[in-house]
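Bear in mind these aren't lab numbers, they're just calculated from the coordinates by the rules spelled out. Here the structure is a predicted model, which is why all the values come from computation and not from measurement. Backbone-built Cβ (ideal geometry, glycine too); neighbour counts: all protein chains shown.
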Amino acid sequence: MAAQSRNIATLKRDITFSSNLRGHELAFHATWGLFSPTAVDDGSRLLIEEMEIKPTDSVLDVGCGYGAIGIVAAALAPQGTADLVDKDFVAVNYAKKNAAANRLTNATCYLSNLLSHVPPDKKFDVILSNPPAQGGRELLSILLHDAKAHLAPGGRIYLVTVSGLKEFVKRNFQEVFGNYEKVRQGKTYTVALARDES
């Protein structure tokens, strides 16, 4: 019984790992129950590799989890800002912990179901998301329409999805934003980009 208790205590401890992403050695804390808690997942990694972030950009990471994508964005935009949002309070707590661990004072992490709690007047140069594959097409539709309302003029949105959804994303990007670019297609995931043309 004592051995089992020790094992449970070990499982409850933070999972910690570090990863070199876009030239930054970053430390991450996670826990069981969060998405991909032991390493940055392949979809997020593909998006991180392909996203273009300028040093002064204001960035929004939607569905941030423990913050991998948004943390890298904050590191790439030292004179900008990064908002990391998730509907899961545990994810937001770990995103905050990871922003602090990496001394990223330009990252703000808060609860929001998609963009529902993002201040309505706040605009972003870049919106990033690795939405859950099981979230369904309805969730993606809400995400894209709300993202359009929060993009600054000339802003851009990057989405990484399983490649099976790439035609759906293409149709919806064209419908909502009027344009679509396939940035990169890997074996399993595709990174797509749309720009605000208003």
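Residues of the chain were split at every exposed loop site, defined as GluC sites (Glu not before Pro) in a DSSP loop with at most 12 other C-beta atoms within 10 angstrom, and the longest piece left, sites excluded, is 53-196. Ellipticity at 222 nm from helices only: DSSP H runs of n ≥ 4 in the chain, each -39500 (n - 2.57), divided by the residue count, give -10500 deg cm²/dmol.
Return the equivalent ellipsoid semi-axes of the stretch 41-195 as a descending list in whole Å, where each equals the square root of 5 times an eigenvalue of the C-alpha gyration tensor.
Numbers: eigenvalues 98, 52, 47 Å².
Output for the stretch 41-195: semi-axes of 22, 16, 15 Å.
Quick one: which of 113-122, 87-96 comes out on top by average Cβ neighbours within 10 Å, and what's the full order, highest first? Mind showing how you got there, number by number?
Details: 113-122: 13.9, 87-96: 19.0.
Going from most to least packed, we get 87-96, 113-122.
Pick out which of Asn102, Asn179, Asn20 has the largest mean-square fluctuation in a Gaussian network model of the chain, springs linking Cα atoms closer than 10 Å. Most flexible of the set in this elastic network: Asn20. Using the alpha-carbon centroid of each, what span in Å lies between the stretch 70-87 and the stretch 124-146? Centre-to-centre distance over Cα atoms comes out at 17 Å.
Among Ala75, Ala152, Ala100, the largest mean-square fluctuation in a Gaussian network model of the chain, built with springs joining Cα atoms closer than 10 Å, belongs to Ala100.
Report the local net charge at Asn113: Lys and Arg +1, Asp and Glu -1, summed over other residues whose C-beta lies under 12 Å from its C-beta. Here the count lands on -2. With a sphere of radius 9 Å drawn around the Cβ of Ala152, what net charge do the other residues whose Cβ falls strictly inside it have (Lys, Arg +1; Asp, Glu -1)? Around Ala152, the surrounding residues sum to -1.
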